[in-house]
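Worksheet: the structure to be examined is printed underneath.
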């Protein structure tokens, strides 16, 4: 009887089976994880190739205009705006691309250099048409939210107008909000 107890305590069958199951579970989990990572890395070269192809598309420099607290320290003229350059894909709709860059806002470097944007984030261009040297741009009503005061409205108008007038085919800019021109962007 004493001999039977010794054998039972040394290697119980349940313990051996539990260790085997745990080892096999770990092995299969590790195999599945390895297969997942292998597939993920196999797919990456194709993605990198696509990205490299888009980088080589022809680019064009546009100017986007923002206010700058370092250049206009006392804010004597709220309509003073200053250009920063952006690279956009070459397109026949270059004026829209420039406005989209304006609406995208500042980079960290620009903000650190004293530039600031008076235009709300989330503003959408409803339409843009350039005809007979006049650019007519219509924005979503988000552009007017919180745009109180003549100084802020003047800065918004200057940013839009200067950004569009960099193009030789634009001599005049008409800004509207949801189709309204008369009371659009009023202080």
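Any read-out appearing in this document is the output of simple, stated calculations on the displayed coordinates, not a laboratory observation. Predicted, not measured: the structure shown is a model, and the values here were computed from it. With ideal geometry, Cβ positions are generated from the backbone for all residues, glycine too; neighbour counts draw on all protein chains shown.
Mind listing P(r) for the range 59-177? All alpha-carbon pairs, 5 Å bins, whole percents.
Reading the bins upward from 0: 2, 12, 22, 25, 21, 12, 5, 1.
Can you give me the relative contact order of the range 115-187 as a percent, contacts being Cα pairs under 8 Å and 6 or more apart? It would help to have the intermediate numbers written out before the result.
Values: 107 pairs, mean separation 26.1, N = 73.
For the range 115-187, the relative contact order is 36 percent.
Quick one: compute the contact order of the range 59-177, relative version, from alpha carbon pairs under 8 angstrom and 6+ residues apart, as a percent. Could you put the intermediate results ahead of the total?
Numbers: 200 pairs, mean separation 35.7, N = 119.
It rounds to 30 percent for the range 59-177.
Full-extension gain between residue 165 and residue 178, please, as 0.36 nm times their residue separation minus the C-alpha to C-alpha distance. Can you show the working numbers first?
Details: separation 13, 0.36 × 13 = 4.68 nm, distance 2.17 nm.
Extra length from residue 165 to residue 178 when fully extended: 2.5 nm.
Report the extension gain between residue 127 and residue 141 in nm, rounded to one decimal, defined as 0.36 nm multiplied by the number of residues separating them, less their alpha carbon distance.
On the way: separation 14, 0.36 × 14 = 5.04 nm, distance 1.28 nm.
That pair, residue 127 and residue 141, stretches by 3.8 nm at full extension.
Between residue 56 and residue 90, with labels modelled 7 Å along Cα→Cβ, what's the label distance in nm to one decimal, could you check?
A separation of 1.5 nm, rounded to one decimal place.
At what distance in angstrom do the alpha carbon centres of the range 62-104 and the range 131-181 lie from each other?
12
Just to be sure I understand: of the beta bridges DSSP finds with both ends in the range 59-177, what percent are antiparallel, rounded to 5?
Values: 16 of 22 bridges.
Antiparallel bridges make up about 75 percent of those DSSP assigns within the range 59-177.
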